[in-house]
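Taking it in order: structure first as structure tokens, then the write-up.
The values are calculated or read from the model by the stated rules, or taken from the named source; none is laboratory data. Remember, it's a predicted structure, so these values are computed and weren't measured experimentally. Glycine also receives a Cβ, built like all others from the backbone with ideal geometry; neighbour counts cover every protein chain displayed. Areas reflect the complete protein model, heavy atoms only, side chains present, ligands, DNA and RNA absent. Shrake-Rupley method; radii C 1.70, N 1.55, O 1.52, S 1.80 Å.
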Amino acid sequence: MPSISSQKTQKHGISRREFLWLTSMSAAGMLAGCAADPITGRKQLMLVSEETEIRIDKKQSPHQFSSDYGTLQDKTLNNYIDATGKRIAALTHRPHMPYSFRGVNATYVNAYAFPGGSIAATRGILLALDNEAELAALLGHELGHVNARHTAEQMSKGVLTNALVGGISAVAGTRSAALGKLASRLGMVGAGALLAAYSRDNEREADALGLEYMTSTGYNAQGFVGLMDILRSLSKRKPSAIELMFATHPMSDERYQTAVNAVQTQSRTTKKLPWHRDRYMDHTAGLRAIKGAIDALQKGESAMAKGKYNDAQKHFKKALKQVPDDYAGLLMMSKCLLAQKKDAEAKRFAEKAKAIYPREAQARHLLGFANLRTKNFDAAYQEFADYDKLLPGNPNTTFFKGFSLEGMQRIEPAANEYYQYLQAVNRGKQAQHAYKRLVEWGYIKP
């Protein structure tokens with residue numbers, strides 16, 4: 001087996017070689033990395049190519065979507081979101097990007113974009129919106145981030161590079177310290193771990209672009225004010241449900257007033273444009289029918305973030321009484337039970353979730369972890385292997401496959417999994433365990 005140091009240390013996201021290149025550019029090299037801003041045409045520091053933006057998106061976004069409990073199973077609603085987004089995207093500054101739009105099953109309030117054009121909105125924010133013009137404002141804002149290349153700009157400045165090199169094991173962007181620790185302990189991506197945190201200047205630019213894009217597509221500009229009013233209201237009524245939205249998309253009175261003023265200057269030309277409220281209400285009727293359950297799930301997650309697992313369990317139980325087949329609710333309950341080391345109960349909820357949404361990977365990871373806890377190593381390995389087929393690229397899955405194989409006394413394949421894990425992650429307790437075993441088994445010299 002070759003030396004660990006001779007291998008690529010990062011296969012998920014950007015490679016070690018790419019990282020060193022991005023972080024060691026000379027001044028001359030940086031000048032060579034200037035590109036034309038797609039919005040203004042002015043030169044800007046840009047060391048990340050469009051091809052790299054798309055590649056990072058394709059590798060990273062599926063893990064965030066799974067962290068958010070997968071794409072909505074309501075195909076009609078999901079197709080409606082995608083069609084709405086693509087109509088707007090066709091009139092942006094980068095219409096050639098491979099855009100995709102979806103709703104995800106998470107219940108916190110947020111929408112986000114990856115640099116290649118993968119954009120998602122949670123059930124929490126879809127429930128908060130009142131019409132299609134507000135949805136267009138939301139999607140237009142996220143398109144603004146993609147078109148202005150805000151994530152690539154942050155990478156070029158070194159702001160995001162370390163996080164990407166750390167792979168998807170990072171939980172720095174998770175909504176709370178408690179949820180971050182739980183996600184890390186379970187070997188999962190925490191909600192928001194892969195999302196860019198934009199600057200206020202980024203937000204103002206995305207607001208302006210979003211307003212331009214939505215009105216060009218034929219929506220009433222007041223929909224943008226409606227979106228801003230919703231976010232400000234939710235920040236007061238449900239601060240825990242919207243905290244990630246404001247962590248990644250900072251809000252201020254100045255930003256709000258700037259957007260309102262911009263809308264007022266355009267109101268004369270757009271006041272007769274439609275809101276399409278009936279169309280939005282028709283497509284979200286099924287979602288709104290379970291609003292009580294979504295509210296209960298939000299309260300449960302808030303309690304989980306504070307480590308109040310008994311309270312969280314009560315909220316999840318209430319939600320599942322209304323919607324017993326809700327994939328996100330079942331997995332939230334499973335995580336809550338795992339946090340309390342009620343592994344047998346946790347497995348039952350995760351098993352049900354897997355049966356309900358077999359193409360989504362997260363249930364398999366929780367089942368694998370629960371089986372590890374009960375030393376059912378064969379079953380654990382199978383769940384992690386199935387997870388890896390559905391959602392490849394999580395280094396923690398590689399570690400847990402190795403740990404399962406070690407428990408089965410299958411040393412050689414366990415060593416191979418540990419070795420692969422250390423190519424992606426070389427710090428932390430899991431890395432220490434993997435390295436120690438490889439030394440003990442004689443595969444590497446200390």
query = Heavy-atom accessible area per residue, region 185-321, 1.4 Å probe: how many Å²?
reply = 48
note = Beyond 22 Å (Cα-Cα) in this structure, taken from 314/347; 314/389; 238/318; 59/445; 181/318, we find 314/389; 59/445; 181/318
request  = With +1 on each Lys and Arg Cβ and -1 on each Asp and Glu Cβ, and nothing else charged, work out how big the dipole of the chain is about its Cα centre, in Debye to the nearest 20.
outcome  = 1020
task = Of the DSSP beta bridges with both residues in the chain, give the percent that are antiparallel, rounding to the nearest 5.
result = 60
message = Quick check on the chain: take the gyration tensor over C-alpha atoms, sort the square-rooted eigenvalues as a ≥ b ≥ c, and tell me if it's rounded (a/c under 1.5), prolate or oblate.
response = oblate
query = Against the longest principal axis of the chain, how steep is helix 253-270, in degrees 0 to 90 to the nearest 10, with axes from Cα atoms?
reply = 50
message = What figure, in Å² to the nearest 10, do you get for the accessible area of residue 189 with a 1.4 Å probe and non-protein molecules left out?
response = 20
remark   = If amide H atoms are modeled at 1.01 Å from N in the peptide plane, then the residues at a separation of 5 or more from residue 37, or on another chain, having amide H under 5 Å from its own are 42, 43, 44
message = For the chain, take the longest principal axis of its alpha carbons; what is the angle in degrees between that and the long axis of helix 411-424, to the nearest 10 within 0 to 90?
response = 30
request  = Go through 142, 243, 440 and list them by solvent-accessible area, largest first, probe radius 1.4 Å.
outcome  = 440, 243, 142
request  = Amide H neighbours of residue 104 under 5 Å, at least 5 residues apart or on other chains, H built in the peptide plane: list them.
outcome  = 72, 121, 122, 123
message = Leaving out ligands and nucleic acids, and using a 1.4 Å probe, what accessible area per residue does region 323-431 come to in Å²?
response = 40
request  = Could you tell me whether region 221-324 comes out rounded, prolate or oblate from its Cα gyration tensor? Rule is a ≥ b ≥ c as square roots of the eigenvalues, rounded for a/c under 1.5, then prolate if a/b exceeds b/c, otherwise oblate.
outcome  = oblate
query = Ignoring ligands, DNA and RNA, how do 219, 435 rank by accessible area with a 1.4 Å probe, largest first?
reply = 435, 219
remark   = Given a Förster distance of 25 Å, the FRET efficiency implied by the Cβ-Cβ spacing of residue 257 and residue 37, rounded to the nearest 0.05, works out to 0.50
ask   = Which angle between 0 and 90 degrees, to the nearest 10, do you get for helix 50-67 versus the longest principal axis of the chain when only C-alpha atoms count?
value = 70
message = Using the Cα centre of the chain as origin and beta-carbon charges of +1 (Lys, Arg) and -1 (Asp, Glu), tell me which of 316, 241, 328 is placed farthest towards the positive end of the dipole.
response = 316
request  = Give the cross-link partners of residue 401 among the aspartates and glutamates, using a straight C-alpha distance below 14 Å as the criterion and excluding same-chain residues fewer than 8 apart.
outcome  = 378, 383, 386, 388, 412, 417
query = Could you work out the helix-only [θ] at 222 nm for the chain, with each DSSP H run of four or more residues adding -39,500 (n - 2.57) and the total divided by the number of residues, to the nearest 500 deg cm²/dmol?
reply = -19500 deg cm²/dmol
query = Counting only protein heavy atoms, what percent of the accessible surface of region 231-305 is carbon or sulfur at a 1.4 Å probe?
reply = 52
Proximal aspartates and glutamates relative to residue 299, as straight alpha-carbon distance under 18 Å, when same-chain residues fewer than 8 apart are discounted = 68, 243, 311, 326
